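Okay, structure first, notes after.
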Amino acid sequence: MTPRQKFYITTPIYYVNARPHIGHAYTTIACDAIARQKRMAGFDTYFLTGTDEHGQKIERSASAAGKSPKQFVDEVSAEFRALWDKMGIKYDGFIRTTDAHHERGVQEMFAKIRDNGFIYKAKYTGQYCIADELYVNEGGPGTPCPICGNPTETVSEENYFFKLSSFQDKLLKLYADQPELIRPEGRRNEVVSFVKSGLRDQSISRASFKWGIPVPGDPAHVIYVWMDALINYCTAVGYGSKEKRDHEMFAKYWPADLHMIGKEIVRFHCVYWPAFLMAAGVELPKGIVAHGWLLFEESKMSKTRGNIVRAETIIDVMGNDALRYFLLREIVFGQDGSFSFDALVQRYDSDLANGLGNLSSRTLTMIQRYFQGKVPYPSAAAGRTAADKDIAALADKVIKNYNQLFSEYHFSRALEAAWSLVGAVNKYIVEQEPWVVADKTDEEGRSRLATILYTAAEALRVVTALVHPVIPDSTRKIWAQLGLAKIEQINPQTLKWGDLALGATLGTIEPVFPRSEKNAVERMQQMEQDRAAGGAKPDATQEPAGTGAVAGQPATQAAGGPAPNTSAASLSPTAKPAPISIDDFAKVELRVGQVKVAEKVKGADKLLRLEVDIGTEVRQVVAGIALAYEPEKLIGRKVVIVANLAPRKLRGLESNGMIVAASIGEQGSPVLAGFLEDVPVGARLK
Ligand code: MSP
């Protein structure tokens, strides 16, 4: 017996500085749909996802949340996992970069690359973007990051370097020899021109913080978080383990067949990753596919922009399949696409409730009513009309097109093809008027009715099997209502018209896609607003209670963003708290203060202890602005202070008030509020 062909598919591992949102869900759903389709087609499929938990960004987020890095990453990683479980994502492996076996594997690959002569030590002085964990060699202080556009930080450290420059020709040869490696083609072309423009050696360690995997033999350095992260694809299937079964697993699944990624991380996957693997002497992945971004209100949905929508909201109101169908149908895979609640509900109503749902319920109800719930025998081929034959021919065509388009990850077009059959059959039913034919009780009438309903049911079976990987829950229900078993064992490649079991008894008929609630859009918007305003379950990455974050402030703070006792204005399109009255506003006592003393707080790199004169007294305030302001430069500066906040303790120091600041950029860097005109100390803002 020949062994089953394997298929190993991966999502990026998600940073745990943010809670999962539908941007993450988008990639995961696409991979889940592919994995399900491969399993149906008989592949021994391994679907990997997980969390990326090391690095400076995570370390800073943990400290902003007042948690140890380990406690912080455990919590957020568990949230990702819980969401995937709630969404019914059928992953085979969930890797965390803090897993001991991963850490060992990373060290092993690092040592291997070093033994092979591709690592040396040198000084790196240049720019670094912490949000993207990217070295930006060009430019000086404040140079924008090419990925997120925010100012980079200057880093000057003795680092380990990877000889990336030695791989320029090998990479170009790889792209030329395997044009299918990177898709879509536009992304491939970008990679080729980037590599052609020249590759510099790449720093692969950091020495200024600890939250990472130590360099073997030199624990003063931690391995660059992207090297650590990329190697997950190998360690998850056994790389670096001494166990026999892990060796076998690695031999079976590696190389990966498909790394699915978002377009912003193409360079890491298509340049660094193959170069690391070549240097380590490990086989290269077979395919890397980059999709576009999910936009919300015109910009990339991301926590740091504060414009996220959470999958839970949609699932709770509309169900899993609604989200899956919408994302894969609405967005042209590879391109950016917009999310809106209105569009989601419209798609659901038109394609699922009125389209597939209607086809299913009217067909099955009529079989129930006119044929006692048994799939009717159609008339022999000679007795079929052109309309019947057209549906059969269309179904076979759709099967072929759908499979082809799906295998090229053109989900939207594949679903469009499937729904062309749904539309055609719904039209066919209207034109054939089975409810009128049912009045004819002679043999000819019965036979005609049987053929119409058989044709509709068979088309329903075909569509249901095809789209099962995309909308698994509802198609499983339709399948059972058709009286069939084990939809996941239907091979979409061999699916063909005419295989519906005649005479089979239908299951219990129930609506699969109830029409959406009248106020579904408003309900989802309200749920997101409540969450953003802090009314919902607290964000794991939100400031912990008691650190002075303004109640009702959206949980949009970036890694290293505004820290305790800085009230930060944040650009959050989803954060539209209910209006407050002037009396509510009057409750907040905002006063002009002047900084008299400013000093760093020991052991808390983001905090400053300030003594602020507010006219009537001098207040001690602990503020999370140390990364943005030198204490000496603050002395004498006029600031705005929330003067009537209940006192809180931070790092053992009592804080009596909160300094007001705007939050800018991905990092949510605080900028203190001030005045153009001179204002007296103690003046009230109203
Ligand atoms: N940790 C790295 C990846 C390391 S892989 C070895 C990382 N993590 S991330 O949390 O920022 O997630 C990035 C991935 O999440 C994107 O590549 C994409 O797959 C998905 N998305 C996150 N936000 C998204 C959108 N707004 N739109 C589409 N995909 C999004 O980068």
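The values are calculated or read from the model by the stated rules, or taken from the named source; none is laboratory data. Just so we're clear, the structure is a prediction, and the values are computed from it rather than from any experiment. Note: ideal-geometry Cβ built from the backbone for every residue, glycine included; neighbour counts use all protein chains shown. Side chains are part of the model used for accessible areas, which takes the heavy atoms of the whole protein and leaves out ligands, DNA and RNA. Shrake-Rupley method; radii C 1.70, N 1.55, O 1.52, S 1.80 Å.
Considering only the range 294-308, how many residues are more than 18 Å from Y14 (Cα to Cα) and either more than 8 Å from the ligand (Cβ to nearest atom) or over 15 Å from the mean Cα position of the chain (by Cα) (or both)?
3
Those residues that are free of Cβ contacts under 8 Å to residues at least 60 places away in the same chain and assigned to a loop (DSSP other than H, G, I, E, B), I need them from the range 576-608; list them, please.
Answer for the range 576-608, where residues must be free of Cβ contacts under 8 Å to residues at least 60 places away in the same chain and assigned to a loop (DSSP other than H, G, I, E, B): K576, P577, A578, P579, I580, S581, K587, V588, K602, G603.
Is the range 476-496 home to any residue that is assigned to a loop (DSSP other than H, G, I, E, B) and modelled with pLDDT under 90?
Initial filter on the range 476-496 (assigned to a loop (DSSP other than H, G, I, E, B)): 482-486, 490-496.
Cutting the leftovers down to modelled with pLDDT under 90 gives us none.
Looking through the range 476-496, none of the residues is assigned to a loop (DSSP other than H, G, I, E, B) and modelled with pLDDT under 90.
Among the candidates E330, E408, which residue alone is under 32 Å from the mean Cα position of the chain (by Cα), charged (D, E, K, R) and more than 16 Å from the ligand (Cβ to nearest atom)? I'd like the intermediate steps shown before the answer.
Values: E330 fails: more than 16 Å from the ligand (Cβ to nearest atom).
After ruling out the rest, the residue left standing is E408.
Looking at the range 130-153, which of its residues are more than 20 Å from R200 (Cα to Cα) and of a type in the set (S, T, N, Q)?
N150
From S205, S197, S193, which residue is polar (S, T, N, Q) and either within 16 Å of the ligand (Cβ to nearest atom) or open to solvent by less than 10 Å² (accessible area, probe 1.4 Å) (or both)?
Numbers: S197 fails: either within 16 Å of the ligand (Cβ to nearest atom) or open to solvent by less than 10 Å² (accessible area, probe 1.4 Å) (or both); S193 fails: either within 16 Å of the ligand (Cβ to nearest atom) or open to solvent by less than 10 Å² (accessible area, probe 1.4 Å) (or both).
Result of the check over S205, S197, S193: S205.
Can you confirm whether S340 is within 13 Å of the ligand (Cβ to nearest atom) and open to solvent by 10 Å² or more (accessible area, probe 1.4 Å)?
Values: within 13 Å of the ligand (Cβ to nearest atom): no; open to solvent by 10 Å² or more (accessible area, probe 1.4 Å): yes.
So S340 does not fit the description; no.
Does V345 satisfy being assigned to a helix (DSSP H, G or I), within 27 Å of P514 (Cα to Cα), in contact with a Ser or Thr (Cβ under 6 Å, 6 or more places away or on another chain) and open to solvent by 10 Å² or more (accessible area, probe 1.4 Å)? Can you show your working first?
Details: assigned to a helix (DSSP H, G or I): yes; within 27 Å of P514 (Cα to Cα): yes; in contact with a Ser or Thr (Cβ under 6 Å, 6 or more places away or on another chain): yes; open to solvent by 10 Å² or more (accessible area, probe 1.4 Å): yes.
Taking the combined requirement at face value, the residue satisfies it.
Condition first: crowded, with 21+ Cβ neighbours inside 10 Å and within 15 Å of the ligand (Cβ to nearest atom). Now tell me which residues in the range 278-293 satisfy that.
Across the range 278-293, the qualifying residues are P285, I288, V289, A290, H291.
Would you pick out the residues in the range 294-304 that are surrounded by fewer than 21 Cβ atoms within 10 Å (Cβ to Cβ) and at negative phi?
L295, S299, K300
Return the total of residues in the range 108-125 being assigned to a helix (DSSP H, G or I) and open to solvent by 30 Å² or more (accessible area, probe 1.4 Å). Talk me through it step by step, then tell me what you get.
Applying the first criterion (assigned to a helix (DSSP H, G or I)) to the range 108-125 yields 108-115.
Still in the running and open to solvent by 30 Å² or more (accessible area, probe 1.4 Å): 108, 112, 114-115.
Final tally of qualifying residues: 4.
Test S350 against the criterion of being in the same structural domain as R476 (by TED's automatic domain parsing), hydroxyl-bearing (S, T, Y) and surrounded by fewer than 21 Cβ atoms within 10 Å (Cβ to Cβ), and give yes or no. First the steps, then the outcome.
On the way: in the same structural domain as R476 (by TED's automatic domain parsing): no; hydroxyl-bearing (S, T, Y): yes; surrounded by fewer than 21 Cβ atoms within 10 Å (Cβ to Cβ): yes.
Answer is no for this residue.
What about I58, is it open to solvent by 10 Å² or more (accessible area, probe 1.4 Å), within 19 Å of I130 (Cα to Cα), assigned by TED's automatic domain parsing to the domain that holds L277 and hydrophobic (A, V, I, L, M, F, W, C)? Walk me through how you get there before you give the answer.
Numbers: open to solvent by 10 Å² or more (accessible area, probe 1.4 Å): no; within 19 Å of I130 (Cα to Cα): yes; assigned by TED's automatic domain parsing to the domain that holds L277: yes; hydrophobic (A, V, I, L, M, F, W, C): yes.
Taking the combined requirement at face value, the residue does not satisfy it.
Quick check: anything in the range 80-94 closer than 22 Å to R60 by Cβ and more than 19 Å from the chain's Cα centre (by Cα)? Talk me through it step by step, then tell me what you get.
Our first condition is that a residue be closer than 22 Å to R60 by Cβ; within the range 80-94, this holds for 80.
With more than 19 Å from the chain's Cα centre (by Cα) added as a condition, the list becomes none.
No: zero hits.
Can you confirm whether the range 383-397 contains a residue that is closer than 17 Å to K496 by Cβ and of a type in the set (V, I, T)?
Yes - at least one qualifying residue is present in the range 383-397.
Taking the condition buried (at least 23 other Cβ atoms within 10 Å of the Cβ), farther than 23 Å from D132 by Cβ and more than 16 Å from the ligand (Cβ to nearest atom), does K38 pass?
Working: buried (at least 23 other Cβ atoms within 10 Å of the Cβ): yes; farther than 23 Å from D132 by Cβ: yes; more than 16 Å from the ligand (Cβ to nearest atom): yes.
Taking the combined requirement at face value, the residue satisfies it.
Within the range 228-271, track down each residue that is farther than 25 Å from W293 by Cβ and within 12 Å of the ligand (Cβ to nearest atom). Lay out the reasoning, then the answer.
Pass one, the range 228-271, residues farther than 25 Å from W293 by Cβ: 231, 234-255.
Selection gives I231, C234, T235, A236.
Being touching a residue at least 40 places away in the same chain (Cβ under 8 Å), on the phi < 0 side of the Ramachandran plot and open to solvent by 50 Å² or more (accessible area, probe 1.4 Å) is the filter here; which residues of the range 609-637 pass it?
T616, L627, I635, R637
Going through the range 234-253 one residue at a time, which ones are among the hydrophobic types (A, V, I, L, M, F, W, C) and either surrounded by fewer than 22 Cβ atoms within 10 Å (Cβ to Cβ) or free of Cβ contacts under 8 Å to residues at least 60 places away in the same chain (or both)? Full working, then the answer.
Of the residues in the range 234-253, the ones among the hydrophobic types (A, V, I, L, M, F, W, C) are 234, 236-237, 249-251.
If the condition is that a residue be among the hydrophobic types (A, V, I, L, M, F, W, C) and either surrounded by fewer than 22 Cβ atoms within 10 Å (Cβ to Cβ) or free of Cβ contacts under 8 Å to residues at least 60 places away in the same chain (or both), then M249, F250, A251 are the ones that fit.
Output the residues belonging to the range 305-330 that are within 28 Å of R183 (Cβ to Cβ) and open to solvent by 20 Å² or more (accessible area, probe 1.4 Å).
R305, N320, R329, E330 - these are the residues of the range 305-330 that are within 28 Å of R183 (Cβ to Cβ) and open to solvent by 20 Å² or more (accessible area, probe 1.4 Å).
Go through (1) in contact (Cβ under 8 Å) with a residue 24 or more places away in the chain; (2) open to solvent by 10 Å² or more (accessible area, probe 1.4 Å); (3) more than 9 Å from the ligand (Cβ to nearest atom) for T2 and report which single condition fails.
(1)
Can you say whether G546 is touching a strand residue (DSSP E or B) at 6+ places or on another chain (Cβ under 9 Å), outside any helix (DSSP H, G or I), open to solvent by 20 Å² or more (accessible area, probe 1.4 Å) and modelled with pLDDT under 90, as far as the supplied structure shows? Working first, answer last.
Working: touching a strand residue (DSSP E or B) at 6+ places or on another chain (Cβ under 9 Å): yes; outside any helix (DSSP H, G or I): yes; open to solvent by 20 Å² or more (accessible area, probe 1.4 Å): yes; modelled with pLDDT under 90: yes.
Answer is yes for this residue.
Are any of the residues in the range 332-342 among the β-branched types (V, I, T) and in a strand (DSSP E or B)? Spell out how you get there, then give the answer.
Filtering the range 332-342 for residues among the β-branched types (V, I, T) gives 332.
Pick out the ones that are also in a strand (DSSP E or B) and you get none.
Taking every residue of the range 332-342 in turn, none turns out to be among the β-branched types (V, I, T) and in a strand (DSSP E or B).
Taking the residues in the range 400-411 that are open to solvent by 10 Å² or more (accessible area, probe 1.4 Å) and part of a helix (DSSP H, G or I) as candidates, determine which candidate is farthest from E185 (Cα to Cα). Can you show your working first?
Applying the first criterion (open to solvent by 10 Å² or more (accessible area, probe 1.4 Å)) to the range 400-411 yields 400-401, 403-405, 407-410.
Among the residues that remain, those that are also part of a helix (DSSP H, G or I) are: 400-401, 403-405, 407.
Numbers: K400: 24, N401: 21, N403: 21, Q404: 18, L405: 16, S407: 16 Å.
Restricting to residues being open to solvent by 10 Å² or more (accessible area, probe 1.4 Å) and part of a helix (DSSP H, G or I), the top hit is K400.
Name the one entry in G383, G355, G373 that is at pLDDT 95 or above, open to solvent by less than 60 Å² (accessible area, probe 1.4 Å) and over 30 Å from E297 (Cβ atoms).
G373
Scanning the range 467-486 for residues that are of a type outside the set (S, T, Y) and touching a Leu at 6+ places or on another chain (Cβ under 8 Å), which turns out most open to solvent (accessible area, probe 1.4 Å)? Explain how you work it out, then say what you get.
Applying the first criterion (of a type outside the set (S, T, Y)) to the range 467-486 yields 467-473, 476-486.
Filter again for touching a Leu at 6+ places or on another chain (Cβ under 8 Å), leaving 467, 470-471, 478, 481-483.
Numbers: V467: 1, V470: 2, I471: 1, I478: 1, Q481: 9, L482: 1, G483: 35 Å².
Going through the qualifying residues, I end up with G483.
Every residue, every condition in (1) β-branched (V, I, T); (2) within 21 Å of A504 (Cα to Cα), yes or no:
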site: N320; (1), (2): no, no
site: F341; (1), (2): no, no
site: L344; (1), (2): no, no
site: I367; (1), (2): yes, yes
site: F371; (1), (2): no, yes
site: D390; (1), (2): no, no
site: D396; (1), (2): no, no
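Being open to solvent by 10 Å² or more (accessible area, probe 1.4 Å), in a helix (DSSP H, G or I) and closer than 15 Å to Q368 by Cα is the filter here; which residues of the range 419-455 pass it?
The answer is W435, R446, Y454.
So which residues in the range 158-181 are in contact with a strand residue (DSSP E or B) (Cβ under 6 Å, 6 or more places away or on another chain) and crowded, with 18+ Cβ neighbours inside 10 Å?
Going residue by residue through the range 158-181, those that are in contact with a strand residue (DSSP E or B) (Cβ under 6 Å, 6 or more places away or on another chain) are 158-162, 164.
If the condition is that a residue be in contact with a strand residue (DSSP E or B) (Cβ under 6 Å, 6 or more places away or on another chain) and crowded, with 18+ Cβ neighbours inside 10 Å, then N159, Y160, F161, F162, L164 are the ones that fit.
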